Amino acid sequence: MYRERRKSWNFFQVFNYTIIILLCLSIILPFLNILALSFNEGTDAQRGGIYFFPREFSIENYIEVFKQSTVLNATAVSVFRTVVGTVVSVFLTAMAAYALQTKTLPGRKVITFFIFFTMLFSGGIVPYYLVLTDLNLTNTIWVYIIPSLYSVWNILIMRTFFQGLPDSVVEAARIDGCGEFQIFLRIILPMSKPVIATIALFNAVAHWNDWFSGSFYVRDPELKPLATLLQEMLTRQQALADALLRNSGAYAALEKITVTGDSLKMATIIIVVAPIILVYPFVQKYFAQGVNIGSVKE
Amino acid sequence: MEIATEKDLGSGTEINNNKKKKRKKVKPVGMTWKNIKKHRAQYLMLLPCIIFFIIFSYLPMAGLVLAFKEFRFDTGMFGGAWVGLQYFERFFQDPQSWNFVKNTLIISGMKLILAMPFPIILALLFNEIKSNKIRGFFQSISYLPHFLSWVVVVGIIQSILAPNTGLLNELIKNMGGDGSTFFLMDEKYFHSIMFWSYVWKDIGWSSIIYFAAIAGINPALYEAAAIDGASRLRQIWHITLTGIRPTILILFILSLGNILSAGFDQIYLLKTPGNAEVAEIIDTYVIRTGLQSGQFGYATAVGMMQGVIGLVVVLVVNRFANKKFNTSLW
């Protein structure tokens with residue numbers, strides 16, 4: 001097999017690498033373009049012709065964006081929901097998954113199906129929304145955290161991982177008189193760092209990226225997360241960006257305006273993706289791991 | 001809401017193929033009081049989880065009665081008078097509805113069927129790179145877009161496709177073209193923008209599972225085929241693709257459940273006044289009539305049809321796949 005590969009290196013590998021490199025370029029280049037635009041004077045960018053380097057370098061866009069109290073506030077909301085939501089959710093998910101993998105648990109199959117079925121069928125968005133309203137969750141910060149505490153997918157991944165842990169350690173602890181909670185906290189959790197990292201990352205990314213709840217379940221502008229702010233910018237395009245601009249007091253010094261609605265939008269995009277891209281190289285192995293754990297047979 | 005989309009990769013269930021009825025006889029777990037009491041810690045651990053799913057999944061399912069009722073704010077979800085099938089009639093009589101259904105089917109069809117080969121091909125290409133380091137590098141780059149919100153992706157699309165100043169229009173201008181096309185406002189371009197941005201965002205991520213399946217194929221098969229004189233392409237066709245067929249099928253079955261939901265985030269954000277004619281799908285319609293203009297009963301009815309059809313399709317296809325290919329979700 002390998003011998004044959006060497007012979008056909010020319011055609012096969014060249015073709016192969018070309019496609020893969022093109023794909024990777026299609027992912028990297030748009031970011032460079034947005035990055036260049038965000039660091040370029042907005043008024044200058046309107047002339048077009050900016051590719052991967054800023055022409056008139058300026059950090060004015062970022063200064064303007066961060067001058068907005070809404071943006072700072074939205075960042076705080078996003079950070080809060082990401083941190084609190086992830087920590088609580090991972091802990092509760094792990095607990096449920098641990099209980100579900102106990103093979104002797106009476107009713108285990110029924111409970112698993114009860115949870116799994118929600119993946120196949122749901123009541124739809126309107127009854128869901130009405131439940132949130134009835135619980136007085138809408139228009140509070142908890143609507144970001146409580147309804148996303150559990151996800152079927154994450155429970156299944158964790159359960160599969162726990163099933164792969166050696167029984168002997170747990171048995172030994174049980175014989176020593178450890179309670180289930182102690183076993184869970186002192187033995188299972190420390191042994192499960194990889195899967196916890198994976199689930200925590202999935203959770204954190206989902207929280208950081210979620211714009212939907214902010215747009216539809218929350219009216220108070222003080223409670224909108226960063227992703228929702230960006231979504232409102234995109235949908236209301238100019239209107240919102242211009243409002244941002246007007247509030248900023250940039251009009252007081254008219255001759256100095258260099259930012260535009262579009263350039264503010266570019267800076268906001270970069271602010272939203274920056275945490276993900278900066279953390280990504282260090283954690284990406286955990287992401288792929290999650291998929292592989294999840295697909296392992298029972 | 002958003003967390004649920006993490007499962008869009010669709011392999012949360014154990015892939016148990018070719019294990020037809022070979023289930024081990026597990027000794028029955030006694031539902032005796034003693035046994036239950038022994039596990040009270042586990043039940044306590046599961047309690048918040050069960051309450052959660054009752055409240056946020058099963059209560060909304062019960063709320064589907066709203067599809068047959070008139071919604072009143074004072075009595076809430078379960079009050080109100082029965083209206084029979086009025087909402088369903090309204091939906092089927094409205095000629096616009098068929099347009100939404102058609103748009104939904106076109107978009108989800110493109111995503112489920114046309115887009116499916118791309119991650120498989122990418123997994124095959126990755127498999128040809130033997131150096132783990134180099135492959136890992138390219139793979140990590142390819143997963144990245146999956147972790148970006150559609151808000152960000154659509155923001156990038158808006159910028160690149162902007163008339164005059166966008167990257168694409170610049171390119172067209174440089175090649176002597178017009179360069180003022182407003183791609184996002186023109187329904188002619190909607191499907192290609194939708195399709196390619198979808199492929200772009202998830203090609204790397206979806207390839208992981210196929211790649212793992214390919215890695216699990218017995219290398220002896222390739223050696224045997226090579227001795228028999230099979231070319232590389234033939235080996236890929238007969239060994240690799242046959243080997244990952246169960247995986248492909250499982251993912252396909254799972255994704256069929258989404259046949260009537262064409263991906264809310266992306267479509268909602270890409271929709272503009274210019275392309276609404278082809279971009280309005282059932283999901284966006286439900287949000288528009290339900291959450292945005294408060295016709296709760298009607299929107300519930302439309303959403304319910306979508307959910308029920310999705311469930312039925314998954315069950316039917318799963319049964320078919322079980323019979324025909326011995327591959328099943330459970």
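Might you let me know whether the range B:174-190 holds any residue that is more than 12 Å from chain A (Cβ to nearest Cβ) and closer than 16 Å to B:ALA123 by Cα?
The answer is no, given that none of the residues of the range B:174-190 is more than 12 Å from chain A (Cβ to nearest Cβ) and closer than 16 Å to B:ALA123 by Cα.
Does B:TRP200 meet the test of being among the aromatic types (Phe, Trp, Tyr) and facing another protein chain (nearest Cβ under 10 Å)?
The answer is yes for B:TRP200.
Collect the residues in the range A:115-128 that are part of a helix (DSSP H, G or I) and within 7 Å of chain B (Cβ to nearest Cβ), keeping them in residue-number order.
Selection gives A:ILE115, A:THR118, A:MET119, A:LEU120, A:ILE125, A:VAL126, A:PRO127, A:TYR128.
Could you say which residue among B:LEU291, B:LEU315 is facing another protein chain (nearest Cβ under 8 Å) and either touching a Gly at 6+ places or on another chain (Cβ under 7 Å) or surrounded by fewer than 19 Cβ atoms within 10 Å (Cβ to Cβ) (or both)?
None of the others qualify; the one that does is B:LEU291.
Would you be able to say whether some residue in the range B:54-63 is under 30 Å from B:ILE208 (Cβ atoms) and assigned to a helix (DSSP H, G or I)? Before the answer, list the steps.
First, pick out the residues of the range B:54-63 that are under 30 Å from B:ILE208 (Cβ atoms): B:56-57.
Of the ones still in play, those that are also assigned to a helix (DSSP H, G or I) are B:56-57.
Yes, the range B:54-63 contains at least one residue that is under 30 Å from B:ILE208 (Cβ atoms) and assigned to a helix (DSSP H, G or I).
Kindly evaluate A:ILE27 against the criterion of being facing chain B (nearest Cβ under 8 Å) and surrounded by 14 or more Cβ atoms within 10 Å (Cβ to Cβ).
yes
Just wondering, is there one or more residues in the range A:91-102 that are closer than 28 Å to B:PHE52 by Cβ, in a loop (DSSP other than H, G, I, E, B) and facing chain B (nearest Cβ under 8 Å)?
Yes: the range A:91-102 contains one or more residues that are closer than 28 Å to B:PHE52 by Cβ, in a loop (DSSP other than H, G, I, E, B) and facing chain B (nearest Cβ under 8 Å).
So, in the range A:135-150, exactly how many residues are of a type in the set (Phe, Trp, Tyr), crowded, with 18+ Cβ neighbours inside 10 Å and more than 8 Å from chain B (Cβ to nearest Cβ)?
Matching residues across the range A:135-150 total 1.
Among the helices (runs of 4 or more DSSP H) confined wholly to the range B:157-274, which include 3 or more residues that are farther than 30 Å from A:PHE121 by Cα and touching a Gly at 6+ places or on another chain (Cβ under 7 Å)?
Those helices (runs of 4 or more DSSP H) span B:167-174.
Could you tell me whether the range A:249-264 includes any residue that is modelled with pLDDT of 65 or more and basic (Lys, Arg)?
No.
Being farther than 20 Å from B:LEU114 by Cβ and hydrophobic (A, V, I, L, M, F, W, C) is the filter here, so list the residues in the range B:236-283 that pass it.
Let us first name the residues in the range B:236-283 that are farther than 20 Å from B:LEU114 by Cβ, namely B:236-240, B:242-243, B:246, B:268-269, B:271-274, B:276-277, B:280.
Within the range B:236-283, B:ILE236, B:TRP237, B:ILE239, B:LEU269, B:ALA276 qualify.
Restricting to the range A:105-115, count the residues that are crowded, with 17+ Cβ neighbours inside 10 Å and either modelled with pLDDT under 90 or within 25 Å of the chain's Cα centre (by Cα) (or both).
Within the range A:105-115, residues that are crowded, with 17+ Cβ neighbours inside 10 Å and either modelled with pLDDT under 90 or within 25 Å of the chain's Cα centre (by Cα) (or both) number 4.
Based on what the data block shows, is B:ILE141 in a helix (DSSP H, G or I) and either buried (at least 22 other Cβ atoms within 10 Å of the Cβ) or more than 30 Å from the chain's Cα centre (by Cα) (or both)?
no
The values are calculated or read from the model by the stated rules, or taken from the named source; none is laboratory data. All of these numbers come straight from a predicted model, not from anything done at the bench. Neighbour counts are summed over all protein chains in view; Cβ atoms, including those assigned to glycine, are modelled from backbone coordinates with ideal geometry.
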